[in-house]
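One structure below.
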Amino acid sequence: MMRLGADIAAVVTGGGSGLGAATARTLARRGVKVGLLDLDGAAAERVAAETGGLALPADVTDPASVAAALAKAAAAHGPARLLVACAGIATGARTVDREGRPHDAGIFGKVIAVNLLGTFHAATQAAAAMATLNPVTPDGERGVIVTTASVAAFEGQIGQIGYAASKGAVAAMTLPMARDLAAVGVRVVSIAPGLFLTPMLEGLPAETQASLGKQVPFPARLGKPSEYADLVVSIAENPMLNGSVIRLDGAIRMGPR
């Protein structure tokens, strides 16, 4: 098993806030050297200063930008054994709006570019680097990739066709990517969070947040980003977790709205 500690380097996309920042903090507490890749360089710098990590300002929609950030992380910390892809957006729109206009193609394309292509760029480039490393376990494991889907991949709500499509595709990539990388000892697992207290929900009034939390069967509250991070650690250290999409949702099944 790959034990997380000072001899392990990781890169977290979307590391400047939300699930990514929580993951960086949890990994840093384990001694992991963390690179924080984020479009918001100032946010990445803040979390890096807090965790002793390395800020990596980059655009996940641009493969050259991702490659440069991964190279910078490798030069500072050594090659990453763990890639956690958290970067994402949730811009919404209906298929046809109330004025009868079709869904804006630019909005749809942007969500796909960040959530799906951004995950693809980070995962494939990290995997290519991992494949060149020496194994760290008797099983021949070289690295782990954790991606972020969503319960919207399975129960997309009204106005979520772009978000649901992007997250559904992230979920669908998981098994074939794990099968592709089995020969080089790189595992791939996706986490599908439910309602979590991330920047997407933090801007809502407290009463709205509480109302959303009550929709969760148990525990009847919004998920904590630290709980996502704890699952990342479990995935990294459990070699039999591979090719799966794990719902982290308190048993919620989303309704139409």
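Given (1) touching a residue at least 40 places away in the same chain (Cβ under 8 Å); (2) small (Gly, Ala, Ser); (3) part of a loop (DSSP other than H, G, I, E, B), where does Gly100 come up short, assuming only one miss? If we test Gly100 against (1) touching a residue at least 40 places away in the same chain (Cβ under 8 Å); (2) small (Gly, Ala, Ser); (3) part of a loop (DSSP other than H, G, I, E, B), just (1) comes out false. Being under 20 Å from Val12 (Cβ atoms) and in contact (Cβ under 8 Å) with a residue 40 or more places away in the chain: is that true of Ala90 here? Here the answer is yes, as Ala90 does meet what is asked.
Can you find even one residue in the stretch 126-139 that is modelled with pLDDT under 95 and within 25 Å of Pro57 (Cα to Cα)? Within the stretch 126-139, none of the residues are modelled with pLDDT under 95 and within 25 Å of Pro57 (Cα to Cα).
Which of the strands (runs of 3 or more DSSP E) contained wholly in the stretch 135-252 include at least 1 residues that are more than 14 Å from the chain's Cα centre (by Cα)? If you could, list the steps in order and put the result at the bottom.
Numbers: elements: 143-148, 186-193, 245-248.
In the stretch 135-252, the matching strands (runs of 3 or more DSSP E) lie at 143-148, 186-193.
If the condition is being in contact (Cβ under 8 Å) with a residue 60 or more places away in the chain and not small (Gly, Ala, Ser), then the stretch 3-18 contributes Arg3, Leu4, Ile8, Val11, Val12, Thr13.
Can you tell me which residue is surrounded by the most Cβ atoms within 10 Å (Cβ to Cβ) among those in the stretch 99-110 that are under 28 Å from Val11 (Cα atoms) and touching a strand residue (DSSP E or B) at 6+ places or on another chain (Cβ under 9 Å)? Among residues in the stretch 99-110 that are under 28 Å from Val11 (Cα atoms) and touching a strand residue (DSSP E or B) at 6+ places or on another chain (Cβ under 9 Å), the one surrounded by the most Cβ atoms within 10 Å (Cβ to Cβ) is Phe108. Among the residues of the stretch 22-38, those that are assigned to a helix (DSSP H, G or I) and touching a strand residue (DSSP E or B) at 6+ places or on another chain (Cβ under 8 Å) comprise Thr23, Ala24, Leu27, Ala28. Checked against (1) touching a strand residue (DSSP E or B) at 6+ places or on another chain (Cβ under 9 Å); (2) surrounded by 17 or more Cβ atoms within 10 Å (Cβ to Cβ), Lys224 passes all but a single condition, namely (2). Just the residues that are farther than 17 Å from Lys167 by Cα and either of a type in the set (D, E, K, R) or surrounded by fewer than 17 Cβ atoms within 10 Å (Cβ to Cβ) (or both), please, taken from the stretch 240-254. Passing the criteria: Met240, Ala251. Taking the stretch 47-86 as the range and being surrounded by fewer than 24 Cβ atoms within 10 Å (Cβ to Cβ), of a type in the set (Lys, Arg) and touching a residue at least 40 places away in the same chain (Cβ under 8 Å) as the test, no residue passes. Of the residues examined, Val114 is not one that is in a strand (DSSP E or B) and either in contact with a Ser or Thr (Cβ under 7 Å, 6 or more places away or on another chain) or surrounded by fewer than 17 Cβ atoms within 10 Å (Cβ to Cβ) (or both).
Test of understanding: among Ala68, Ala122, Ala64, which residue is touching a Ser or Thr at 6+ places or on another chain (Cβ under 9 Å) and not in a loop (DSSP other than H, G, I, E, B)? Talk me through it step by step, then tell me what you get.
Details: Ala68 fails: touching a Ser or Thr at 6+ places or on another chain (Cβ under 9 Å); Ala64 fails: touching a Ser or Thr at 6+ places or on another chain (Cβ under 9 Å).
Just one listed residue meets the conditions, Ala122.
Among Val32, Val96, which is the only one that is aliphatic (A, V, I, L, M) and either crowded, with 24+ Cβ neighbours inside 10 Å or closer than 22 Å to Ala171 by Cα (or both)? Step by step, each of Val32, Val96 is checked, and only Val32 is aliphatic (A, V, I, L, M) and either crowded, with 24+ Cβ neighbours inside 10 Å or closer than 22 Å to Ala171 by Cα (or both). Of all residue pairs spaced 6 or more apart or on separate chains, those with beta-carbon atoms under 6 Å, a first member in the stretch 237-248 that is farther than 15 Å from Met173 by Cα and touching a residue at least 24 places away in the same chain (Cβ under 8 Å) and a second member that is of a type outside the set (A, V, I, L, M, F, W, C) and surrounded by fewer than 17 Cβ atoms within 10 Å (Cβ to Cβ) are Pro239/Asp139.
The values are calculated or read from the model by the stated rules, or taken from the named source; none is laboratory data. Because the structure is predicted, anything quoted here is derived from the model rather than measured. In this analysis, Cβ positions are derived from the backbone assuming ideal geometry, glycine residues included, and neighbour counts consider all displayed protein chains.
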